[in-house]
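S.K.: Sharing a structure with you now.
The values are calculated or read from the model by the stated rules, or taken from the named source; none is laboratory data. A quick note: this is a predicted structure, and the numbers were derived from the prediction, not measured. With ideal geometry, Cβ positions are generated from the backbone for all residues, glycine too; neighbour counts draw on all protein chains shown.
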Amino acid sequence: MHTLIVAGARPNFVKIAPLIRELKKQRTITWKLVHTGQHYDYQMSQSFFEELEIPSPHHHLQVGSGSHAEQTAKIMMTFEKICLEEKPRMVIVVGDVNSTIACAITAKKLHIEVAHIEAGLRSGDFSMPEEVNRVLTDAITDYFFVTEKSAIENLHKEGKKAQHIFFVGNIMIDNLHYGLQKVGNTTKDSHVVITMHRPSNVDDKDNLQQILQAIIEIAKQKKVYFPMHPRTQKKIEEFSLQKLLENDNIMTSPPLSYLEFLRLWSTSSLVITDSGGLQEETTALRIPCLTIRENTERPVTLTHGSNTLVGTATQKILDVYQKLENNQNYQVPELWDGKTAQRIITILQEISAKTSLERKSI
């Protein structure tokens, strides 16, 4: 079965790396990697390929930046040419970025089957572009690989067939285990790590200022490390908020590579973020996480894990922060065991075998 694997943005690379490592061990599925170029600078792309030992893409679309519409259109136009050239039986997409929906639509219009890794997650918040991408991708997906049981319920409600939904666990955690082995022994520290990049947080001056005020208060007690997404840095400068971060206990930096960042947050006492992936990774390592959003598409991190939704108000963030010491009863969700990629490959091999039999019987 010939398959194209699509990656385009920083979180995608983390999710495809374990899959590619497993694909190299078998011969049933032939595959090629397509990098859309949605994230295209060194920190946001190339360093991930090097550290996670992802091979050079067979196809690099180099679409670059642009509005959501521009970026999606560029990906569709260039990916269509690749599909016509490669004639894959299946396209595998991951996550919820523009590359995910653009390549899923393109494949489906060419009558190519689509498999979605991390399917079925829902926040219910359509102001998030990722939620639009998730819902639309799953509307046309053929095979759904899900990370948590809430995703199965969501897909059932949307009328998806049970036999096409596979509870395989979280492929992000496969890579987490892999990365921790490469990082080696690390010593726990009391520092705090913050990341944020979502438009609702960084494009709104009041929200951004509220979050930064909370960080200032936390920095009175602990060192705070703040690797800045380019969008966040741009907005802090645009709103003239740089002085808020002039604090000996607040360490700012450009984006870090995957392993550098893993070494930093995995030894921390607390992570504050608006990232979806970090909610999961901190849950896997039982590190407290304050998510500066009003909702999450990953509810298992709230019900079983170390994650708490705190919104963007300064006092709410600080109130939850002060109570963290008394709440350490965290769990690791089911099948978040580092073996998700193995389960996905087994299922893909079964799909390939079944299809071959069906074609022979025609």
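S.K.: Report yes if Val202 is of a type in the set (A, V, I, L, M) and over 23 Å from Glu131 (Cα atoms), otherwise no.
M.R.: No, not satisfied.
S.K.: Does at least one position in region 112-120 carry a residue that is in a loop (DSSP other than H, G, I, E, B), more than 19 Å from the chain's Cα centre (by Cα) and of a type in the set (A, V, I, L, M)? Outline the logic, then answer.
M.R.: Within region 112-120, the first condition is being in a loop (DSSP other than H, G, I, E, B), and the residues that meet it are 112, 118-120.
Now narrow it down to the ones that are more than 19 Å from the chain's Cα centre (by Cα): 112.
With the extra rule that they be of a type in the set (A, V, I, L, M), the set shrinks to 112.
Within region 112-120, one or more residues are in a loop (DSSP other than H, G, I, E, B), more than 19 Å from the chain's Cα centre (by Cα) and of a type in the set (A, V, I, L, M).
S.K.: With (1) over 27 Å from Ile215 (Cα atoms); (2) modelled with pLDDT of 95 or more as the list, and Lys360 as the residue in question, which single condition is left unmet?
M.R.: (2)
S.K.: Within region 145-171, count every residue that is free of Cβ contacts under 8 Å to residues at least 60 places away in the same chain and in contact with a Leu (Cβ under 6 Å, 6 or more places away or on another chain).
M.R.: Quick first cut of region 145-171, residues free of Cβ contacts under 8 Å to residues at least 60 places away in the same chain only: 146, 151-165.
Now narrow it down to the ones that are in contact with a Leu (Cβ under 6 Å, 6 or more places away or on another chain): 151, 165.
Qualifying residue count for the region: 2.
Listed here are the residues, each with its yes/no results for (1) at pLDDT 90 or above; (2) outside any strand (DSSP E or B); (3) closer than 16 Å to Val94 by Cα.
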{"residue": "Ile5", "(1), (2), (3)": "yes, no, yes"}
{"residue": "Arg21", "(1), (2), (3)": "yes, yes, yes"}
{"residue": "Val34", "(1), (2), (3)": "yes, no, yes"}
{"residue": "Gln38", "(1), (2), (3)": "no, yes, yes"}
{"residue": "Gln46", "(1), (2), (3)": "no, yes, no"}
{"residue": "Ala69", "(1), (2), (3)": "yes, yes, no"}
{"residue": "Phe79", "(1), (2), (3)": "yes, yes, yes"}
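S.K.: Quick check: anything in region 23-31 surrounded by 21 or more Cβ atoms within 10 Å (Cβ to Cβ) and within 17 Å of Ile344 (Cα to Cα)? Please lay out each step first, then the result.
M.R.: First, the residues of region 23-31 that are surrounded by 21 or more Cβ atoms within 10 Å (Cβ to Cβ): 23.
When the remaining residues are screened for being within 17 Å of Ile344 (Cα to Cα), the result is 23.
Yes - at least one qualifying residue is present in region 23-31.
S.K.: Pro227: touching a residue at least 40 places away in the same chain (Cβ under 8 Å) and farther than 21 Å from Thr147 by Cα, yes or no?
M.R.: Details: touching a residue at least 40 places away in the same chain (Cβ under 8 Å): no; farther than 21 Å from Thr147 by Cα: yes.
No.
Okay, residues lined up against (1) in a strand (DSSP E or B); (2) outside the structural domain of Phe48 (by TED's automatic domain parsing); (3) at pLDDT below 95; (4) crowded, with 24+ Cβ neighbours inside 10 Å:
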site: Thr100; (1), (2), (3), (4): no, no, no, yes
site: Ile105; (1), (2), (3), (4): no, no, no, no
site: Arg122; (1), (2), (3), (4): no, no, no, no
site: Ser127; (1), (2), (3), (4): no, no, yes, no
site: Ala139; (1), (2), (3), (4): no, no, no, no
site: Gly159; (1), (2), (3), (4): no, no, no, no
site: Gln163; (1), (2), (3), (4): no, no, no, no
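S.K.: Residues to consider are Ser200, Ser150; find the one that is assigned to a helix (DSSP H, G or I), in the same structural domain as Ser257 (by TED's automatic domain parsing), closer than 22 Å to Glu297 by Cβ and under 20 Å from the mean Cα position of the chain (by Cα).
M.R.: Going through Ser200, Ser150 in turn, the sole match is Ser200.
S.K.: Any chance you could count how many residues in region 1-33 are among the aromatic types (Phe, Trp, Tyr) and farther than 14 Å from Glu51 by Cα? So that I can check it myself, show each step before the final result.
M.R.: Looking only at region 1-33, we keep the residues that are among the aromatic types (Phe, Trp, Tyr), and these are 13, 31.
Restricting the remaining residues to those that are farther than 14 Å from Glu51 by Cα gives 31.
Of the residues in region 1-33, 1 are among the aromatic types (Phe, Trp, Tyr) and farther than 14 Å from Glu51 by Cα.
S.K.: Okay, moving on. If Thr30 meets every condition in (1) under 20 Å from Asp96 (Cα atoms); (2) at pLDDT 90 or above; (3) of a type in the set (S, T, N, Q) apart from one, which number is that one?
M.R.: (1)
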